[in-house]
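**Student:** Pasting a structure below so you can have a look.
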Amino acid sequence: MNIRPLLLSCVMLLSACSSPLKSDLPADQTYRLNPQVALAPQRLSINLYVPKVSVSPALDSAHITLMKPGFQQDFIAHSRWPDDLSVYLHAVMLDTLSRSGGFQSVSEQMLGKGGNYKLLLRVSAFQAEYPPDGKGSAAVVVGMESILVRVQDQRVMGQHRYDSRKENIPVSTSKIVEALNQALAESTRQLIQDLQRDL
């Protein structure tokens, strides 16, 4: 029995397995948010505890959501957030609220025993919308609700809703993300003002 052809076949099979697989599909582009807020007019001596942000289940993925005519939900191809939206927005909000300088500390956990306030955030809209005829410019929508709770006695100190919409956005992923960033910044600036008033 001649085993040479069998050995040759095995060597070819192994070399094929060791070569890296290549895809003809374009790689996903990761987009990031960096909402800019001015320094708060005063610094409150409180510890602001921000647990995980609640996001509508239909939006909570790493995909950038796109609403098409007829209330059809889709995603922008080959574009993504760094993580699922709830996880990513939590990190963004922690950083933005901390950079505002309006609070003694901003953290994802309670610090110490006194002066802790819990900020509950729920995002109900965070998407781009294509025009009804599929032509022209897009819009972006950000909808967010906040509840501020004093941890010591679980008293609700304030409850607010923020809705921001940007129209006439060029149909380009970078422009859409830029508009979402601006809408989030507007909502966050108003949130910080409300938190300072509530306290």
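The values are calculated or read from the model by the stated rules, or taken from the named source; none is laboratory data. This structure is a prediction, so every number in the text was calculated from the model and none was measured. Cβ atoms come from the backbone with ideal geometry, glycine included; neighbour counts cover every protein chain shown. Protein only, heavy atoms only, side chains kept; ligands, DNA and RNA dropped before computing areas. Shrake-Rupley method; radii C 1.70, N 1.55, O 1.52, S 1.80 Å.
**Student:** Exposed loop trypsin sites (Lys or Arg not before Pro) only (DSSP loop, at most 14 other Cβ atoms within 10 Å): please give the longest stretch of the chain free of them, not including the sites.
**Tutor:** Maximal segment without exposed cleavage sites: 136-199.
**Student:** Which value, in Å², gives the accessible area per residue of the stretch 66-157 when a 1.4 Å probe is used on the protein heavy atoms?
**Tutor:** Using a 1.4 Å probe on heavy atoms only, each residue of the stretch 66-157 averages 49 Å².
**Student:** Hey, another quick one. How large, in percent, is the carbon and sulfur part of the accessible surface of the stretch 65-111 at a probe radius of 1.4 Å?
**Tutor:** Exposed carbon and sulfur together represent 50 percent of the surface.
**Student:** About its Cα centre, how strong a charge dipole does the chain have in debye, to the nearest 20, once Lys and Arg get +1 and Asp and Glu get -1 at the Cβ?
**Tutor:** 380
**Student:** I would also like to ask the following. Apply the Kirkwood formula to the chain: the hydrodynamic radius equals the inverse of the mean of 1/r over all pairs of different alpha-carbon atoms; give it in Å with one decimal.
**Tutor:** Taking the inverse mean of 1/r over all distinct Cα pairs, the chain comes out at 19.4 Å.
**Student:** Excluding residue 53 itself, calculate the net charge of residues whose Cβ lies under 13 Å from the Cβ of residue 53, where each Lys or Arg counts +1 and each Asp or Glu counts -1.
**Tutor:** Cβ neighbours under 13 Å give a net charge of -3.
**Student:** Projecting each Cα onto the charge dipole of the chain (Lys/Arg +1, Asp/Glu -1 at the beta carbon, about the Cα centre), which of 124, 174, 148 comes out farthest on the positive side?
**Tutor:** Result: 148, furthest along the dipole toward the positive end.
**Student:** So, one more: Express the relative contact order of the stretch 129-199 as a whole percentage, based on alpha carbon pairs under 8 Å and six or more residues apart in sequence.
**Tutor:** Relative contact order here is 32 percent.
**Student:** A further question follows. Please express the shape of the stretch 66-153 as an equivalent ellipsoid: the semi-axes are the square roots of 5 times the eigenvalues of the C-alpha gyration tensor, given largest first in whole angstrom.
**Tutor:** Working through the eigenvalues yields semi-axes of 35, 13, 11 Å.
**Student:** I need the helices of the chain that pass two filters: whole DSSP H segments spanning 18 Å or more by Cα along the axis, and mean Kyte-Doolittle score no lower than 1.0.
**Tutor:** Once both thresholds are applied, what remains is 4-18.
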